[in-house]
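Peer 1: Quick one: the structure is below, and I'll ask about it shortly.
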Amino acid sequence: MTQPLTFASKEQLNIIEIFSSVQGETSFAGLPTAFIRLAACNLRCSWCDTSYSFGRGDVFGLPQILEKVDEFGCRNVCVTGGEPLLQKNVYPLMTQLCDKNYIVSVETGGSLSIEEIDPRVHIILDIKCPDSNMSDRNFWPNLSAIRPEDEVKFVINGYQDYLYAKEVCEKFQLFSRKIPVLLSPVFDVLDSKELVNWVLQDKLPVRLNMQLHKFIWSATTRGV
């Protein structure tokens, strides 16, 4: 198992950006949200759209992060990356956000254990499909730990990825366990209509995940 990395001292995190926008994905899509993007990632997905997060970013103290989030006035907070679970101080950050009654979600790439995440946090667990070139890094015990209040996301590049996602859902009984599943077509690669046709054909109980922010702004606009 990959060990989490530490980039900052106690009560600090390495941050790429903190901003407010509307959530573009998941069941929270369209809701005003404060985003905390942590630095660094242990994966290199072929379709990655946030490679700018691979660096070390700037060091922020936890009180400084909380103060910035408070200023936005959004009820929802999304902790993302990069891979946010690489930095151990993300756990007290999420707990403190929950203590302040924020609705907190975390977007994790699926290669690290989710067991230490505060149970009040809504986990968005990304399972890597073959075309990402990272499917061998999936930490499968996470799918046994995932709960109906969380969500499992598959980024789909083509039909091979779709079949892989379907197989994973069946193997881990995600549908019968009522785990929300998101299928996200790679932007400007897979025609969303094609993905919808596959889903309807197979009668899968999944949610199409369309990345609204890329339609509102552009695929390369940062801080949105």
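The values are calculated or read from the model by the stated rules, or taken from the named source; none is laboratory data. Quick caveat, the model's predicted, so the values are computed rather than measured. Here the Cβ is made from the backbone with ideal geometry for all residues, glycine too, and neighbour counts use every protein chain on show. Quick note on the areas: whole protein, heavy atoms, side chains included, nothing else; ligands and nucleic acids left out. Shrake-Rupley method; radii C 1.70, N 1.55, O 1.52, S 1.80 Å.
Peer 1: Let me have the 222 nm mean residue ellipticity of the chain computed from DSSP H runs of 4+ only, each contributing -39500 (n - 2.57), with the sum over all residues rounded to the nearest 500.
Peer 2: Helix contribution divided over all residues of the chain: -7000 deg cm²/dmol.
Peer 1: Same structure again: Quote the charge dipole size of segment 1-138 about the Cα centre in Debye, to the nearest 20; the model charges only the Cβ of Lys and Arg (+1) and of Asp and Glu (-1).
Peer 2: Once rounded to the nearest 20, the dipole reads 120 debye.
Peer 1: Provide the net charge surrounding residue 79, with neighbours chosen by a C-beta distance below 10 Å and charges set as Lys +1, Arg +1, Asp -1, Glu -1.
Peer 2: The answer is 0.
Peer 1: One quarter of the convex hull surface, Cα atoms only: what value does that give for the chain in nm²?
Peer 2: 11.2
Peer 1: Among residues other than residue 151 whose Cβ falls under 11 Å from its Cβ, what is the net charge (Lys/Arg +1, Asp/Glu -1)?
Peer 2: Within the 11 Å Cβ shell, the charges total -2.
Peer 1: Around residue 46, with a cut-off of 15 angstrom between Cβ atoms, what is the net charge of the other residues, counting Lys and Arg +1 and Asp and Glu -1?
Peer 2: Spelling it out: positives minus negatives among the neighbours equals -3.
Peer 1: Here's something else I'd like to know. Just how far, in whole angstrom, is segment 57-77 from segment 139-202 if you go by their alpha carbon centroids?
Peer 2: 32
Peer 1: How about residue 153: which lysines have a C-alpha closer than 26 Å to its C-alpha, ignoring those fewer than 8 places off in the same chain?
Peer 2: Qualifying lysines at Cα under 26 Å: 88, 128, 166, 171, 178, 193, 203, 214.
Peer 1: Using a 1.4 angstrom probe on heavy atoms only, work out the carbon and sulfur share of the accessible area of the chain in %.
Peer 2: On the chain, the fraction of accessible area on carbon and sulfur atoms equals 50 percent.
Peer 1: Suppose all protein chains stay in the model; what accessible area per residue would a 1.4 Å probe give for the chain, in Å²?
Peer 2: Counting only protein heavy atoms, the per-residue value for the chain is 46 Å².
Peer 1: Using a Cα-Cα cut-off of under 16 Å, which lysines could be cross-linked to residue 68, ignoring same-chain neighbours fewer than 8 residues away?
Peer 2: 100
Peer 1: If you plug each phi of segment 152-159 into the Karplus form 6.51 cos²θ - 1.76 cosθ + 1.60 with θ = phi - 60°, what whole-Hz ³J(HN,Hα) values come out, in order, with x for Gly and Pro?
Peer 2: After applying 6.51 cos²θ - 1.76 cosθ + 1.60, I find 10, 10, 10, 8, 10, 9, x, 5 Hz.
Peer 1: Kindly work out what percent of the DSSP beta bridges joining two residues of segment 10-214 are antiparallel, to the nearest 5.
Peer 2: Approximately 30 percent, going by the DSSP bridge assignments.
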